[in-house]
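The values are calculated or read from the model by the stated rules, or taken from the named source; none is laboratory data. Predicted model only: the values in this text are computed from it and were never measured. Positions of Cβ are backbone-derived with ideal geometry, glycine not excepted, and every protein chain shown enters the neighbour counts. Just so you know, the surface numbers come from the protein's heavy atoms only, side chains and all, with ligands and any DNA or RNA stripped out. Shrake-Rupley method; radii C 1.70, N 1.55, O 1.52, S 1.80 Å.
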Amino acid sequence: MDFTFTEEQQAAVDAARALFSGVEPDGVPSPALTPGAVAEDIDRSVWTGLAAGDLLSLTLAPEHGGAGLDAVALCLVLRESAKVLARVPLLETCAVAMTIQQHGDPGLAAELLPRVGRGELVLTVGANGRTGHDPAELAVTARRDLAGKAGQDHDRPGSEDGGAGWVLDGVQSGVPWARSADWIAVPAHTDEGLAVLALVRRTDEGVALAEQVSTSGELFAEVRLDTVRVEDSALISTPGAWEWLRTLLTTGTCALALGLGEAVLAMTSEYTGKREQFGHPVATFQSVAVQAADRYIDLRAMEVTLWQAAWRISTGAPGTLPVAGDVAVAKIWASDGVRRITQTAQHLHGGFGADTDYPLHRFHAWAKQIELSLGPAAMHEEALGDLLAAHPLG
């Protein structure tokens with residue numbers, strides 16, 4: 001299997017590395033020492049740099065000012081961002097933008113996507129539902145707006161089309177970067193039980209945000225929707241659109257896990273190579289070397305399953321299982337792998353790993369957030385089992 005990256009994809013990696021080389025994981029207060037969120041906003045300097053380096057428009061079509069690259073390129077950049085714990089909604093913004101481009105109203109796409117590429121708009125998505133245990137689309141209802149044009153907002157992109165629009169009610173919990181976002185993609189279900197995706201502005205009437213703090217110390221939000229009206233053009237009803245977005249989000253999360261795991265293993269290698277006991281570096285001890293080797297195997301498994309999933313998403317290539325099967329395998333390895341890597345790193349660092357003046361504890365907090373984001377390994381093992389039952393391999 002050939003996972004050689006194209007020149008364009010490698011150029012994106014080089015640009016990302018140059019940008020993130022100046023980012024310090026310790027740039028905000030430690031989540032272990034901060035009772036609330038570590039910061040009120042995303043890292044705007046990094047966000048500006050992403051826009052200036054054309055990394056926010058990487059996966060947008062040329063007509064929207066983008067490079068027209070695919071999910072593999074996005075995952076490559078996400079991998080680099082996680083190595084420095086970059087505090088930006090790169091995954092959420094790009095995934096929602098790609099969904100609008102592929103499944104959304106062309107007028108809305110033409111209005112929003114060029115601004116996304118220039119860094120003028122931040123997008124996010126509520127993918128956790130009310131509790132994180134039930135499908136996210138079941139947490140919000142979308143019904144036809146019987147009032148018709150009465151609730152129409154003529155400042156809203158697409159509002160001139162004269163459609164009756166929709167009304168949204170419900171709650172999405174743990175929405176990342178919601179207080180910094182301009183638009184929030186909200187999965188919902190119709191009276192017919194269809195899964196749809198609505199785009200609402202953070203400032204829309206009826207949208208209320210309650211502060212929540214992630215395991216990594218970032219400011220998330222519970223988004224409550226009380227009779228929020230959206231136009232037809234701002235609701236994506238294409239069959240499979242929400243599932244495609246969720247699949248892309250899950251795969252991007254696996255890329256974040258891979259980048260974080262690589263950074264942590266490198267940090268551990270450097271530490272154990274310098275730390276001496278009985279006159280020898282602890283890295284030369286067999287028990288230490290075996291544990292590090294096991295975690296290296298985890299990384300390689302995380303990597304190959306990630307690129308398999310990203311390649312299936314990007315190409316639509318057929319397989320024995322639907323693409324959801326490859327994504328489930330990638331998430332299983334990412335969730336378990338990033339947990340094992342950070343736990344081993346803490347163990348091999350000894351008490352030094354828990355020192356809040358040393359960045360490892362930050363990576364541990366982010367790893368736990370990534371592990372549970374969009375479902376832990378057990379959830380995806382169950383999904384994979386269902387797919388195997390429905391598509392026998394023999």
Output needed for the chain: three equivalent-ellipsoid semi-axes, defined as square roots of 5 times the C-alpha gyration tensor eigenvalues, in descending order, whole Å.
37, 23, 20
For the stretch 66-116, accessible area per residue (1.4 Å probe, heavy atoms of protein chains only), Å²:
24
Förster radius 35 Å - calculated FRET efficiency between GLU276 and VAL13, Cβ distance, rounded to 0.05:
0.50
Restricting everything to alpha-carbon atoms, can you work out Rg to Rh for the stretch 309-370 with a Kirkwood hydrodynamic radius?
1.21
Rounded to the nearest 500, what is the chain's calculated 222 nm mean residue ellipticity when only DSSP H runs of at least 4 contribute -39500 (n - 2.57) each, over all residues?
-15500 deg cm²/dmol
Based on DSSP, what percent of beta bridges with both residues in the chain are antiparallel, to the nearest 5?
90
Simple spin-label model, 7 Å along Cα-to-Cβ: GLN102 to ALA354 in nm?
4.4
Starting from the Cα gyration tensor of the stretch 1-126, take the square roots of the eigenvalues, sort them a ≥ b ≥ c, and report rounded, prolate or oblate (rounded when a/c is under 1.5, otherwise prolate if a/b is larger than b/c, else oblate).
oblate
Choice from LEU146, LEU76, LEU260 with maximal GNM fluctuation in the chain (Cα, 10 Å cutoff):
LEU146
Taking springs between alpha-carbon atoms closer than 10 angstrom, which of PRO187, PRO281, PRO106 fluctuates most in the Gaussian network model of the chain?
PRO281
With x for Gly and Pro, the residue-by-residue ³J(HN,Hα) of the stretch 16-24, computed from phi through the Karplus equation 6.51 cos²θ - 1.76 cosθ + 1.60 at θ = phi - 60° and given in whole Hz, is 5, 4, 5, 5, 6, 5, x, 9, 9
Give, in nm to one decimal, the length gained when the segment between ALA110 and ARG44 is fully stretched (0.36 nm per residue of separation minus the Cα-Cα distance).
21.3 nm
Counting only heavy atoms of protein chains, what accessible area per residue, in Å², does the stretch 252-305 have with a probe of 1.4 Å?
48
Please return the longest range in the chain lying between exposed loop sites, taking GluC sites (Glu not before Pro), DSSP loop only, at most 16 other beta-carbon atoms within 10 Å, and leaving the sites out.
206-394
Quick one: Karplus J couplings for the stretch 362-374, per residue in order, coefficients 6.51, -1.76, 1.60, θ = phi - 60°, nearest Hz, x for Gly and Pro?
5, 4, 4, 5, 5, 4, 5, 4, 5, 4, 8, 5, 6
Computing the accessible area with a 1.4 Å probe over protein heavy atoms, can you report the carbon and sulfur percentage for the chain?
53
Longest span of the chain, sites excluded, free of chymotrypsin sites (Phe, Trp or Tyr not before Pro) in DSSP loop with at most 12 other C-beta atoms within 10 Å?
4-277
SER30 neighbourhood, Cβ < 12 Å, K/R = +1, D/E = -1, net charge -2
Roughly how many nanometres apart are two label points built 7 Å out from the Cα toward the Cβ at GLN343 and LEU393?
2.5
